[in-house]
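A short write-up of the structure that comes next.
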Amino acid sequence: MQDSETPATPGTGPSVAPACTLVVFGAKGDLTQRLLMPALYNLAGAGHLPAGFRVVGVDHNENTDAGWREALTETMQGFTRDDTAEFHPDRIDEATWRFVCERLRYHTGDFDAPETYRALDGILDGSAIFYLAVSARFFGPVIDHLGAAGLLDETDGRFRRVVVEKPFGSDLASARALNARILKSAREEQIFRIDHFLGKETVQGILALRFANRLIEPAWTGEHIDFIEITAAETIGVEGRARFYETTGALRDMVPNHLFQLLCMIAMEAPASLDAEAVRDAKAALIAAIRPPVGDAVRGQYGAGREDGRPVPGYRDEADVAAGSLTETYVALSLAIDTPRWQGVPFYLRTGKRLARRRTEIAIHFKRPHAELFGVGAAPNVLRLFVDPGSGLAGSLNVKRPGPAMALDPAVATLNGSADALPGVGYESLLFDAMKGDGSLFQRADMIEGAWAVVDSLIAAWKDAPVADYPAGSDGPVAADTLLNRRGHAWTPLPAE
Ligand code: BG6
């Protein structure tokens with residue numbers, strides 16, 4: 001394939017990323033194939049990539065540019081036949097894929113060898129983003145090498161940025177140590193700590209919903225809101241990742257990152273502006289106001305059960321899981337946020353694997369209407385934000401039942417995600433933002449450390465504590481229901497529509 005400067009889908013204008021090279025460490029990995037390449041394809045299709053865009057894939061397996069291009073072309077075609085893939089288009093548009101494919105170069109190199117970085121220095125010219133799609137143990141060493149080789153120097157108007165995947169540390173001490181280490185080689189503004197939940201359409205829309213609607217903004221306080229539920233329920237089990245998961249568990253895997261980011265979007269104060277630092281200041285302040293939920297937390301582990309009608313084994317019977325494992329695959333927390341806005345409002349967070357339904361959703365439960373006019377007929381309003389699958393929101397309203405009697409009927413107003421939205425696997429806007437240098441959807445060092453400080457107290461409290469069982473395919477452990485019931489609240493049932 002010829003390298004062409006006049007692709008079928010060239011990007012021009014203000015919505016086009018600046019010319020740069022994306023250097024992907026972990027070129028042969030799952031993330032690169034399953035998510036990054038589809039995201040680049042979608043960005044190219046929407047005209048967001050400039051002619052001067054390049055990709056250099058780095059991995060230790062021997063390969064050539066042509067070999068990598070061919071393998072990725074096959075993988076992309078395979079997605080059209082795989083309806084379980086995040087990226088499942090009817091067809092791959094030939095011109096769009098050619099635009100991406102002809103910009104791919106492969107570099108065989110060991111992540112821990114200085115010559116890999118010397119070679120990259122020879123290949124790179126101008127601005128670059130180093131994407132660490134690698135196991136967390138390489139984050140520190142790769143950034144050390146990038147720094148030592150001068151690859152992070154921003155001279156002659158070029159930018160040099162690093163995108164770091166999760167997990168970013170496994171507790172406060174390790175996160176602090178990693179931040180300190182990477183900040184020896186790069187400035188904070190050069191580091192983009194990614195959290196893919198922030199790439200989801202609904203999550204990005206929360207600030208607009210909250211702060212661009214006078215209908216909503218004044219009601220978004222403890223005066224009107226009774227409680228808030230944040231759910232990230234999955235039906236999958238550990239899916240061959242048990243080695244990682246055994247030492248990680250649901251709390252570390254999902255809470256300080258994904259769930260706290262949803263919590264920040266829902267509960268933060270209005271930022272002073274939409275500038276990345278202002279947004280992150282507001283989020284950091286929210287994280288600092290979370291009160292550790294020790295005593296208000298439940299952890300569970302799935303036992304054997306059924307998923308989609310077929311029997312599935314319990315967690316302890318999965319490959320690479322210890323027979324007496326105490327690793328949690330489910331966690332439910334009741335958090336307090338110590339700000340004037342949220343006095344007395346519990347935030348209930350839950351996440352788990354092998355639950356009844358895949359659903360990431362935020363539910364805002366308003367207090368009962370003041371008026372006793374309608375007796376028990378006036379149900380509290382609930383606003384649900386659908387994050388995954390699909391996007392959109394639904395608000396329940398009490399309306400008068402048509403007819404002569406004064407009676408109420410619940411009505412639900414729904415707003416589905418826009419069909420015009422960029423089709424996506426969730427990484428498109430994050431990659432695009434990194435290319436533009438917009439860090440507002442990325443985590444800053446203080447946010448990460450603040451989140452771990454909250455979670456650390458639970459990790460300590462849970463040491464050697466038993467885990468509650470729940471059958472695969474259920475809503476989670478009974479103890480999680482009790483956590484809410486004792487305050488007169490209840491989780492939204494997972495199988496409910
Ligand atoms: C990842 C976790 O960060 O997020 C996984 O490591 C989890 O365990 C995944 O399955 C969930 O993401 P999504 O986008 O599929 O809801």
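The values are calculated or read from the model by the stated rules, or taken from the named source; none is laboratory data. Nothing here was measured: the structure is a model prediction, and the numbers come from that model. Here the Cβ positions follow ideal geometry from the backbone for every residue, glycine too, while neighbour counts run over all protein chains shown. SASA here: full protein model, heavy atoms, side chains in, ligands and nucleic acids out. Shrake-Rupley method; radii C 1.70, N 1.55, O 1.52, S 1.80 Å.
Just a yes or no: is a residue in the range 54-71 touching a residue at least 60 places away in the same chain (Cβ under 8 Å), under 18 Å from Ala17 (Cα atoms), open to solvent by less than 10 Å² (accessible area, probe 1.4 Å) and of a type outside the set (Lys, Arg)?
Checking the range 54-71: at least one residue is touching a residue at least 60 places away in the same chain (Cβ under 8 Å), under 18 Å from Ala17 (Cα atoms), open to solvent by less than 10 Å² (accessible area, probe 1.4 Å) and of a type outside the set (Lys, Arg).
Taking Ala186 as the residue in question, decide whether it is more than 16 Å from the ligand (Cβ to nearest atom), out of contact with any Phe, Trp or Tyr (no Cβ under 9 Å at 6 or more places or on another chain) and open to solvent by less than 50 Å² (accessible area, probe 1.4 Å).
yes
Any idea how many residues of the range 164-181 are in a loop (DSSP other than H, G, I, E, B) and within 16 Å of the ligand (Cβ to nearest atom)?
6
Can you tell me how many residues in the range 27-46 are closer than 23 Å to Gly109 by Cβ, part of a helix (DSSP H, G or I) and not aliphatic (A, V, I, L, M)?
4
I need the helices (runs of 4 or more DSSP H) fully contained in the range 384-490, keeping only those with at least 1 residues that are crowded, with 22+ Cβ neighbours inside 10 Å and within 16 Å of the ligand (Cβ to nearest atom).
Answer list for the range 384-490: 428-436, 445-462.
I'd like to know if the range 367-379 contains one or more residues that are β-branched (Val, Ile, Thr) and away from the ligand (no atom under 16 Å from the Cβ).
Checking the range 367-379: at least one residue is β-branched (Val, Ile, Thr) and away from the ligand (no atom under 16 Å from the Cβ).
Being closer than 17 Å to His196 by Cβ and open to solvent by 70 Å² or more (accessible area, probe 1.4 Å) is the filter here; which residues of the range 237-257 pass it?
Glu239, Arg241 - these are the residues of the range 237-257 that are closer than 17 Å to His196 by Cβ and open to solvent by 70 Å² or more (accessible area, probe 1.4 Å).
Return only the number of the condition from (1) in contact (Cβ under 8 Å) with a residue 60 or more places away in the chain; (2) open to solvent by less than 10 Å² (accessible area, probe 1.4 Å); (3) touching a helix residue (DSSP H, G or I) at 6+ places or on another chain (Cβ under 9 Å) that Met268 does not satisfy.
(1)
Residues in the range 58-67: is at least one acidic (Asp, Glu) and assigned to a helix (DSSP H, G or I)?
Scanning the range 58-67 turns up at least one residue that is acidic (Asp, Glu) and assigned to a helix (DSSP H, G or I).
For residues in the range 10-31 being buried (at least 23 other Cβ atoms within 10 Å of the Cβ) and touching a Gly at 6+ places or on another chain (Cβ under 6 Å), which is farthest from Phe139 (Cα to Cα)?
Here the residue is Ala27.
Check every one of the strands (runs of 3 or more DSSP E) wholly within the range 189-308 and list those with 1 or more residues that are modelled with pLDDT of 95 or more, within 16 Å of the ligand (Cβ to nearest atom) and under 28 Å from Ala379 (Cα atoms).
Strands (runs of 3 or more DSSP E) meeting the threshold: 225-233.
Only one of Val294, Val298, Val321, Val312 is open to solvent by 70 Å² or more (accessible area, probe 1.4 Å) and either at negative phi or among the hydrophobic types (A, V, I, L, M, F, W, C) (or both); which?
After ruling out the rest, the residue left standing is Val294.
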